[in-house]
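Have a look at the structure below before the remarks.
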Amino acid sequence: MPRIPEYQYHSAWRQPGAAFRGPTMLDKATKYVLPPLDLLARFYLGGIFIYAAWGKILDPYSFALSIATYQMLPTHVINLMAMVLPWLELVTGILLVVGTLTRPAVLLVNGMMVVFIYAIWSAVSRGLDLGSCGCFASEEAAAEISMGTVWRDVWWLLIGIFILLVRERSRWGLTRLWEWNQERKWRAKAAEDG
Amino acid sequence: MARLVRDGMRAGYLLAACFLVGVLFNYFRGEGIPLVATGDYQVFVPCPETESEAGKVSLDEVGPDDSISFPKDATLVDARSEEGYAGGHIPGAVNLPYDELDGVDAEAVTELAARVRVGRVIVYCDGWEEEEDPAARYDHPPSEYLADELKSAGIERVTSLTGGLGEYVKRGGALEVGGE
């Protein structure tokens, strides 16, 4: 596996065909600022999803009832959704935290966030008094549904979009660790071969 | 773009895997839910809070033990169902059924409020105590809820009768049978 020169990691910022005259300030920012920010965002969003999934997996009936309260889905779909959605949240949350298959996971997370935002916005605009949004199982985290809940979810969606956009240039995580190990092996083998 | 399509396909595989895990986990766990709900979910929404809380009054305060006499200016309101009211009620009481889900007829409340603007209102129901009937549908006797509603509707002097009709009958109070 050939080693990718350092500057090629950040070449996306440069005009195609432009001569390389050393890393720019933007390259340095990309290298030193984005990865920790991306890691922080992944831990934050992943943690929220894992936490949200856990209670729903333990008590699927309550979650099904929460879905039914929105009065948006036909009854025969509700149970299936209550079975699958918590696992989707858990798996994507774990993938975000460990940093492997991150882009597919964050695509799913963003898709879920769009659905959640629409559902909550629709419930608020219809004047449904749901008590809580059903996003979390625990009583403490069950915020009363309002436009504030919608904005909170929009904030989480923005974080998801950020992860999706910077992931090309920020590769801290399990996948990068595996690649780094492969590179190390390749270099050792190359050194052995002379 | 090609990368996005590839990631989208991987997301699809993830979705399919989660679908499978979710359904299988639910199938093998002890207290799983059916794949398709057998009946409609009973969706309850919390009742709106009343704006003000009415007080309570006991039969001791209303009149002496041996002769239950309500004040002359008092309007008695029976919070039970129409059938319960017809089966026997305190003489002179008007029926204003209070239902946990449907609440109370707003028009009837407004009408009563207009009628007894300055008078006193005493609301009663069957009169159970929480410890006596743990399976009761209400946290409090319906008369208390109705009294709160009436208070919110603008009736100043409204109270709920502690012990309700049960206590009244126990003390030998006379009943009037028949509808309004």
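Each of B:Asp102, A:Asp59 was scored by other Cβ atoms within 10 Å of its Cβ. Arranged with the fewest first, they read B:Asp102, A:Asp59.
Close amide H partners of B:Val123, meaning residues 5 or more places away or on another chain with modelled amide H under 5 Å apart, are B:Val77, B:Thr159, B:Ser160, B:Leu161. Each of A:Phe136, A:Phe43 has some number of other Cβ atoms within 10 Å of its Cβ, and from fewest to most they run A:Phe43, A:Phe136. In order along the range B:141-153, the Karplus-derived 3J(HN,Hα) couplings, from 6.51 cos²θ - 1.76 cosθ + 1.60 at θ = phi - 60°, round to x, x, 4, 5, 5, 5, 4, 4, 4, 5, 4, 5, 6 Hz, and Gly and Pro are given as x. The string of couplings for the range A:41-57 from the Karplus curve (6.51, -1.76, 1.60, θ = phi - 60°) is 5, 5, 5, 5, 5, x, x, 4, 5, 5, 4, 5, 6, 4, x, 6, 5 Hz, one whole number per residue in order, with x for Gly and Pro.
With a Förster radius of 25 Å applied to the beta-carbon distance between B:Glu61 and B:Leu175, the computed FRET efficiency rounds to 0.75. For the range A:29-193, the share of alpha carbon pairs falling in successive 5 Å distance bins from zero is 1, 9, 16, 18, 17, 12, 9, 6, 4, 3, 2, 1, 1, 0, 0 percent.
Using R0 = 30 Å, the C-beta based FRET efficiency linking A:Trp186 and B:Arg6 works out to 0.80. The slack in the chain from A:His76 to A:Ser62, taken as 0.36 nm per residue of separation less the alpha-carbon distance, amounts to 3.4 nm. Computed from phi, the 3J(HN,Hα) profile of the range B:69-81 under the Karplus parametrisation 6.51, -1.76, 1.60 (θ = phi - 60°) reads 10, 7, x, 5, 7, 7, 9, 8, 10, 8, 8, 7, 5 Hz, with x in place of Gly and Pro.
In a DSSP loop and with at most 13 other Cβ atoms within 10 Å, the trypsin sites (Lys or Arg not before Pro) in the range B:5-34 are B:Arg29. Residues B:Ser69, A:Ser66, A:Ser122, ranked from the fewest to the most other C-beta atoms within 10 Å, line up as B:Ser69, A:Ser122, A:Ser66.
Laboratory data are not the source of any read-out in this text; all were calculated from the coordinates shown. This structure is a prediction, so every number in the text was calculated from the model and none was measured. Backbone-built Cβ (ideal geometry, glycine too); neighbour counts: all protein chains shown.
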